[in-house]
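Notes follow once the structure below has been shown.
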Amino acid sequence: MTLTIGFQLLGALALLIFGMKIMSEALQKMAGPQLRHVLSAMTTNRFSGMFTGMLLTVAVQSSSATTVMTVSFVNAGLLTLAQAISVIMGANIGTTLTAWIMSAGFSLNITDFIWPAFLLGIILIYSKRHRYVGDFLYGVAFMFFALGVMSQTGKAMDLGHNQTLIDFFSSFDTNSYSSILIFLLIGTVLTCIVQSSAALMAITMVLCTSGVLPVYLGIALVLGENIGTTMTANLAALTANTQARRAALAHLMFNLIGVVWVMIVFYPFVDFACGIVGLDPSSSTQNPVELSFGLAAFHTAFNVTNTALLIGFISQIERFVCWILPMKPDKEEEAFRLRYINSGLMKTPELSVFEAQKETALFGERMQRMFGMVQELLDEEDDKKFEEIFERIRKYEDISDRMELEIGKYLEHIGDAHVSNETKAKIRAMLREIGELESIGDACFNLARTIHRKKEGKETFTFEQHTHLQQMMQLTEQSIAKMVELLHGRKDNADVKATYSLENIINSMRDDLKQKNIEDVDNRLYSYTLGTLYTDIICECEKLADYVVNVVEARMG
């Protein structure tokens, strides 16, 4: 019997986490790419950033989701560190709504009312147009069902008469700071392990409403949960760039500072917060309804007060985390490392697509630099410098292969998830983009090898040939620059006509130069071998420009 009840409690806990996950992801899918536009548009100052973080967390019902999104946006360069700190502060306030929802779930018998939500949810899930609304309703229904089951299981366990538990918790003096610190540490460790402060909050409410866990110790667990929940973002940021790690560290610092000051005024502050809902934490007889609302009231009072105290010190927190995590110099030899995509980051497919877009734009930049090296190679006369540039081009060709593979695998992983049709179209377009970008890398390496063969054969282009090659490469470089600009910008601001115009000019120039080359070889102005190398470079530039057009077309859809 005890084993069955134990499994019921664990199963209800799993359902709670699952329900919140479904609800959060459904809301993020409904919002889609607008989430990043909201964050960037509504973080103009610290207060707007705080309200944005608060509203976003209220919407997605997960401060971890908001924080991980924020860290990801910092990683992608969409938000500054100061903006991210203000959003994270707001997220801490927004997450308090979850505690109030749980209090309602423990205080009211709502399991009878969630069955229509399940029925409507499954109907909408099979409706192509409203499936995300169905997912959301299903998540809400699962969450409230889990809370109801946990409440009933807590009563069935009759923890209030479990002498072993009563003796265990009674062994801690609620008026001793050492006991408070022990439970604060327990809350922190358990939240780090479970990776869900909501789950630990639910367990805390079960223990408190059963009369086993004293209010002061339960609130100490809640404080520990506030520290433990920061580990999600810090773990996610381990493989991210320095700015993202700083944002995650700022979240930890913010909560740690809050715990320090609240520990100094712990008992008066707890009495004040619980008094808001008419709860006397020192009373021996407690109303279970008031107990659950008392935990929610403390959670809200703590996070609101902490934000009010620290929002004026964002710049100081920013300087401190920058001092703790100094920026490392970005070495070109490390350029093969993906900058924005981090498989360890926990995020939704919509957000992952955005980061893949940033990585694709960086891929385009690298190919632009690679072509710049080809132009240098054409003009370089010093043998040693020539070989150095050629080896750098060879390295970049390897980088382009690896980038295509890694981004492609990442996009494939995103595509396996339940994503919107719009996101599927973006994934298909990006898969085509990275394939064409890798072809640009191949074309650059082919150009470099042709120039290298010319160097080894002791051949020298005539002044006229060299001038025409420079003109062809300048046109190709302009085409690549337009492509990179498009990859970084918005489609509706793109000047696609300029790309097609350059492509037509390059095609026409290729035809003219090939015809003139035949005439020049016939007139013995230079050898057939040199003429072949010359036309190989011209044709490879034209092929490269074709790949550029393909990237632009894929980006424009």
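The values are calculated or read from the model by the stated rules, or taken from the named source; none is laboratory data. Owing to the predicted nature of the structure, the values given are computational and were not obtained by experimental measurement. Cβ coordinates were reconstructed from backbone atoms using ideal geometry, including for glycine residues, and neighbour counts include every protein chain displayed. Surface accessibility is based on the protein's heavy atoms, side chains included, excluding ligands, DNA and RNA. Shrake-Rupley method; radii C 1.70, N 1.55, O 1.52, S 1.80 Å.
So what's the net charge close to Ala545: Lys and Arg +1, Asp and Glu -1, counting the other residues with Cβ under 11 Å from its Cβ?
Residues close to Ala545 contribute a combined charge of -2.
For the cross-link pairs Lys358/Lys409; Lys409/Lys497; Lys409/Lys482; Lys358/Lys384; Lys514/Lys543, which exceed 24 Å when the distance is taken from alpha carbon to alpha carbon?
Lys409/Lys497; Lys409/Lys482; Lys358/Lys384
Under a crude label model (7 Å from the Cα following the beta-carbon direction), how far is Glu485 from Cys539 in nanometres?
The two pseudo-label positions are separated by 3.1 nm.
Separation of the stretch 412-481 and the stretch 486-553 by C-alpha centroid, Å?
12 Å
Nothing charged except the Cβ atoms of Lys and Arg (+1) and of Asp and Glu (-1): what's the magnitude of the dipole of the stretch 421-460 about its Cα centre? Round to the nearest 20 debye.
For this selection, approximately 100 debye.
In the stretch 491-557, what percent of the accessible surface is made up of carbon and sulfur (1.4 Å probe, ligands and nucleic acids excluded)?
Ligands and nucleic acids excluded, carbon and sulfur reach 47 percent.
Share of the stretch 168-226's accessible area from carbon and sulfur, percent, 1.4 Å?
It is 70 percent, rounded to a whole number.
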